[in-house]
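This report refers to the structure that appears directly beneath it.
The values are calculated or read from the model by the stated rules, or taken from the named source; none is laboratory data. Remember, it's a predicted structure, so these values are computed and weren't measured experimentally. So basically every Cβ, Gly included, is an ideal-geometry build from the backbone, and we count neighbours across all protein chains shown.
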Amino acid sequence: MSNFVPLETIDRRALIRSLALGLTAMGAMDVEAAQHVHVETGAEKAKNGIYKVKAFTAGEYTTIQHLAVLIVPADSVSGSALDAGAPEFIDTLASQNVQIANIFHGGLAWLDAEMRKRYQATFAAAKPEQQTRMLDALVEAGRELAERQSEELVYQKSPIYRDFTGYTVRRANELGAGVAFFDWVRKMTVDAFYTSPIGFKDLNYIGNQALGKYTVPTEAMEYVMKRSPFA
Amino acid sequence: MAQNAISQEIFDAVVVGSGAGGGTAVHVLTAKGLKVALLEAGPMLDVGTEFKEHKVPTDYDHRGAEEGGKAYFGKGKPFGFFSTTSGGWELEGEPYTVGEGSQFQWFRSRILGGRTNHYGRMSFRFAEYDFKPYDKDGLGFNWPISYQDISPYYDKAEEFIGVAGTIENVPSCPDGKFHAAPPPKVHEALVKKACDKLGVICIANRRAVITKNLNGRAACHYCGQCGRGCQSASAYSSAQVQVFPAMKTGRLKVFDLAMVREVLTDENGKATGVLYVDKQTRTEKIIKAKVVILAASACESTRILLNSKSKEFPNGLGNGSGLLGRYLMDTVGFGLSGTVPALEGMPHYNTDGYGGAHLFMPWWLWDKHNKLDFPRGYHIEIGGGYSMPGVGSYHSAARRHGYGANMKTKIREGYGNTIAFAGRGEMIPNIHSYCELDPNVVDRWGIPVLKFHFKWTDYEWKQARHMEKTFAEIITAMGGKVAGLSASQRESQGISIPGTIIHEVGGARMGKSAKDSVLNGYCQTHEMKNLFVMDGASFASNPDKNPTLTINALAWRACDYLAEEMKKGNV
């Protein structure tokens, strides 16, 4: 078989594509056509029925749903990470990658064990204020850990470090495992939220459009200049 | 490896590589009526499937984190899932090695069009002084050509690929043939005010994007997604703008998945074609041609020449000077960002524009080097605006603000308030930065691989510190707060890792004589009249201007020369 791609194939494909975009004979009309394509591709896919959980037990999934609402709650501007499909997103990736699945299996089990120790209830069954107290503790421990790590970095680079073998850096506190898990559930929940149409709306993101002309609104320019040191 | 029968067809020219240099070569040569073969180590480009322009994260279940969340483990595509890049710093089965004590990352693109599919499309002409750097400060090497030699070809390249910009008369960054440039965005206008105050020149950016229709390509529709590939070819890519049209002439034959091993020569000291591995069948094949043009990227072309060993050329082709692989350069990179309170609460608008920043800062101290502690200049690129939210966009903000209603509000308020600066500076070629063949390693095609050695010197480190100081001054002048580097970060991240700016050039540099260079001013090897190198390998220096436009112009000039020489019977 020849590696040569027949010209007709390329031509036809290119033609079909440009027709699809409406960009062959340019002009205002074609910008509208292109805009239509943008909207089409941007439209959220239809959801058929109820989501079927693939990687987690019902209990685990309920906890992930609770966490989604706690991490990104609904407010007057937009819905929550649960509305934006964060649990489905986490479940989908966990079903494709055992490494992610295990981070969540282990992390959720740790969370329930810690909750039982503190409040004699699993995370999902605990009172809302107990859940937030737990998450507050994890955030606080996370900050402390980050500070220590940066101290450790600076210290390891210093010449004293090499000579002072008795020094050991405390790598983690008692919540270390929980901190690592919370970082995972938070980053994936936040990603799922902000990449959704609900998240786009929350941030008021208005790009990804086909425009005939690019203009910058005077209103925005004036707003910023007035508040700048150059006013 | 099995060897197939040699193709009987003899082409006028065989071009290896389909990026900026190869794309220009096939365009110019087929237009002159030559019969050309083009070899690409990757597959054909299918714009419809490869370009993710206009897509949003929810078009994919993984939202851009890639199958199994690869991006979370640092194993995603180099510039994110939506980028059109096909390739990266690590390619399965195609390794390279790095010498002890060196750091170097080699980006390879393996698809028709190469890196022009994803590149930033910054298109700056070299200045007059850039061609004679040694005359200016006694460092590095002069080019054998001058600005006057290449200027008409900058004109041709700009007129053909299309570059938007404005006429400014800045000596460090000569004007060109420009399409109209889009207006500055709000944060850029603010940057310009700060630059005016500090005496830094800030002008319209120059990018290879058309703002009026050109040769059947539609004007930019300002979706801001050039890095994902442009379906309407409003942003230049060699595949869409040069290779596909050249195929339509009927004089170009494209061989994809063709990994070239070496240039073949005869006893008369002439190149006769190339030997390549057909990746699909894992067989060796030969293409015969009257002229061989390497445009496989600076280091890949160098590798092919080093691997083209014979009794007559025991150290590889064009290597009589021993300089093949030497004086490899990348661009000096450094970045700093800050948050700017004046932007808080701005009425949102569409900041996509024509895909990159609408303003930039060319080197403004070209005549003040005697007052600086580093010899060469840099330009500054601006980042900012309301970009499309993606996987990873808010990880650090989330860590900073905990969780819950407070975090959500803080992320919303902080959206679009950050302005980032990236410096792109000129490196002085040095003897510690080069590539050679690794005697112990071959790739999966059996081809010996490159081993890299690289060192930044004080010239580059001091330039990066000047970038840091300048960016901090600009951020402060805007009333912003610098997201500062700690002492340890400055040590580890104070300058880009060599290779990561993907401006690696040199290796087969051009010069006046065969004693001190590989190529002459027409990208022709001194030692073999029908062998040319039309990519960044030819660069004698690496000015702060991004290399692509100059590769386009040099290739065009070389092809004009080559066609004339063929007519005269000299090649």
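For segment B:68-79, the count of residues that are on the phi > 0 side of the Ramachandran plot, within 9 Å of another protein chain (Cβ to nearest Cβ) and modelled with pLDDT of 95 or more is nonzero.
With respect to A:P73, determine if the residue is more than 18 Å from A:K187 (Cα to Cα) and either assigned by TED's automatic domain parsing to the domain that holds A:A180 or surrounded by 23 or more Cβ atoms within 10 Å (Cβ to Cβ) (or both). Before you say what the answer is, go through the steps one by one.
Numbers: more than 18 Å from A:K187 (Cα to Cα): no; either assigned by TED's automatic domain parsing to the domain that holds A:A180 or surrounded by 23 or more Cβ atoms within 10 Å (Cβ to Cβ) (or both): yes.
No, not satisfied.
Applying the criterion of being within 30 Å of B:N319 (Cα to Cα) and among the polar types (S, T, N, Q) to the residues of segment B:249-271, the residue that is nearest to the other protein chains (Cβ to nearest Cβ) is B:T265.
Taken together, the residues in segment B:63-104 that are under 30 Å from B:G353 (Cβ atoms), part of a loop (DSSP other than H, G, I, E, B) and in contact (Cβ under 8 Å) with a residue 24 or more places away in the chain amount to 13. Among the helices (runs of 4 or more DSSP H) confined to segment A:112-194, the ones with at least 1 residues that are within 18 Å of A:H66 (Cα to Cα) and modelled with pLDDT of 85 or more are located at A:128-157, A:176-194.
Is it fair to say B:E284 is away from chain A (no Cβ under 12 Å), at pLDDT 95 or above and in contact with a helix residue (DSSP H, G or I) (Cβ under 6 Å, 6 or more places away or on another chain)? Taking the combined requirement at face value, the residue does not satisfy it.
Residues in segment B:376-398 that are buried (at least 18 other Cβ atoms within 10 Å of the Cβ) and more than 26 Å from B:R121 (Cβ to Cβ) were compared, and the one that is nearest to the chain's Cα centre (by Cα) is B:Y394.
Taking the condition of being within 25 Å of the chain's Cα centre (by Cα) and either over 20 Å from A:Y61 (Cβ atoms) or surrounded by 14 or more Cβ atoms within 10 Å (Cβ to Cβ) (or both), how many residues in segment A:113-128 meet it? Show your work before the answer.
Filtering segment A:113-128 down to residues within 25 Å of the chain's Cα centre (by Cα) leaves A:123-124, A:128.
Cutting the leftovers down to either over 20 Å from A:Y61 (Cβ atoms) or surrounded by 14 or more Cβ atoms within 10 Å (Cβ to Cβ) (or both) gives us A:123-124.
Residues that pass the stated criteria total 2.
Residues that are out of contact with any Cys (no Cβ under 9 Å at 6 or more places or on another chain), farther than 29 Å from B:G569 by Cα and charged (D, E, K, R): does segment B:300-311 have at least one? Walk me through how you get there before you give the answer.
Taking segment B:300-311 first, the residues out of contact with any Cys (no Cβ under 9 Å at 6 or more places or on another chain) are B:300-301, B:304-305, B:307-311.
Subsequent filtering for residues that are farther than 29 Å from B:G569 by Cα retains B:300.
In the following step, the residues that additionally are charged (D, E, K, R) were identified as B:300.
The answer is yes, given that some residue of segment B:300-311 is out of contact with any Cys (no Cβ under 9 Å at 6 or more places or on another chain), farther than 29 Å from B:G569 by Cα and charged (D, E, K, R).
Might you check whether a residue that is assigned to a loop (DSSP other than H, G, I, E, B), facing chain B (nearest Cβ under 8 Å) and surrounded by fewer than 22 Cβ atoms within 10 Å (Cβ to Cβ) occurs anywhere in segment A:221-229? Yes - at least one qualifying residue is present in segment A:221-229. Across segment B:253-277, what is the number of residues that are among the basic types (K, R) and assigned to a strand (DSSP E or B)? Number satisfying all stated conditions: 2.
Within the option set B:A189, B:A219, being outside any loop (DSSP other than H, G, I, E, B) and modelled with pLDDT of 95 or more holds for one residue only, B:A189. When you check B:I111 against the structure, is it among the aliphatic types (A, V, I, L, M), surrounded by 21 or more Cβ atoms within 10 Å (Cβ to Cβ) and away from chain A (no Cβ under 14 Å), yes or no? So B:I111 does not fit the description; no.
Conditions (1) closer than 23 Å to A:G212 by Cα; (2) in contact (Cβ under 8 Å) with a residue 60 or more places away in the chain, marked per residue:
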{"residue": "B:A164", "(1), (2)": "yes, yes"}
{"residue": "B:P183", "(1), (2)": "yes, yes"}
{"residue": "B:R217", "(1), (2)": "yes, no"}
{"residue": "B:P245", "(1), (2)": "no, yes"}
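B:G269 falls short on exactly one of the conditions (1) at pLDDT 95 or above; (2) at positive phi, and that condition is (1). Among residues of segment B:250-272 being over 27 Å from the mean Cα position of the chain (by Cα) and buried (at least 17 other Cβ atoms within 10 Å of the Cβ), the one that is nearest to B:L38 (Cα to Cα) is B:R251.
How many residues does segment A:197-210 hold that are assigned to a loop (DSSP other than H, G, I, E, B) and buried (at least 19 other Cβ atoms within 10 Å of the Cβ)? Full working, then the answer.
Keep residues of segment A:197-210 that are assigned to a loop (DSSP other than H, G, I, E, B), which gives A:204-210.
Within this subset, residues satisfying the condition of being buried (at least 19 other Cβ atoms within 10 Å of the Cβ) are A:205, A:207-208, A:210.
Count: 4.
Testing A:K45 on (1) outside any loop (DSSP other than H, G, I, E, B); (2) within 19 Å of the chain's Cα centre (by Cα); (3) at pLDDT below 95; (4) not hydrophobic (A, V, I, L, M, F, W, C), one condition comes back false. Which one is that? So A:K45 meets the others, but not (1).
Close contacts from segment B:379-395, counting a first residue that is more than 7 Å from every other protein chain (Cβ to nearest Cβ) and a second that is among the polar types (S, T, N, Q), with Cβ to Cβ under 7 Å and a gap of 6+ residues or different chains, come to B:G384/B:T418; B:G385/B:T351.
Residues in segment B:30-54 that are at pLDDT 95 or above and among the acidic types (D, E): B:E40 alone.
In this structure, is B:Y327 more than 20 Å from B:K481 (Cβ to Cβ), in a strand (DSSP E or B) and either within 14 Å of chain A (Cβ to nearest Cβ) or touching a residue at least 12 places away in the same chain (Cβ under 8 Å) (or both)?
Working: more than 20 Å from B:K481 (Cβ to Cβ): yes; in a strand (DSSP E or B): yes; either within 14 Å of chain A (Cβ to nearest Cβ) or touching a residue at least 12 places away in the same chain (Cβ under 8 Å) (or both): yes.
Yes; evaluated as a whole, the condition is true for this residue.
Here is the figure for segment B:546-561: residues that are in a helix (DSSP H, G or I) and more than 19 Å from B:K32 (Cβ to Cβ) total 4.
The residue of segment B:203-248 that is nearest to B:V191 (Cα to Cα), among those that are more than 9 Å from chain A (Cβ to nearest Cβ) and β-branched (V, I, T), is B:I203.
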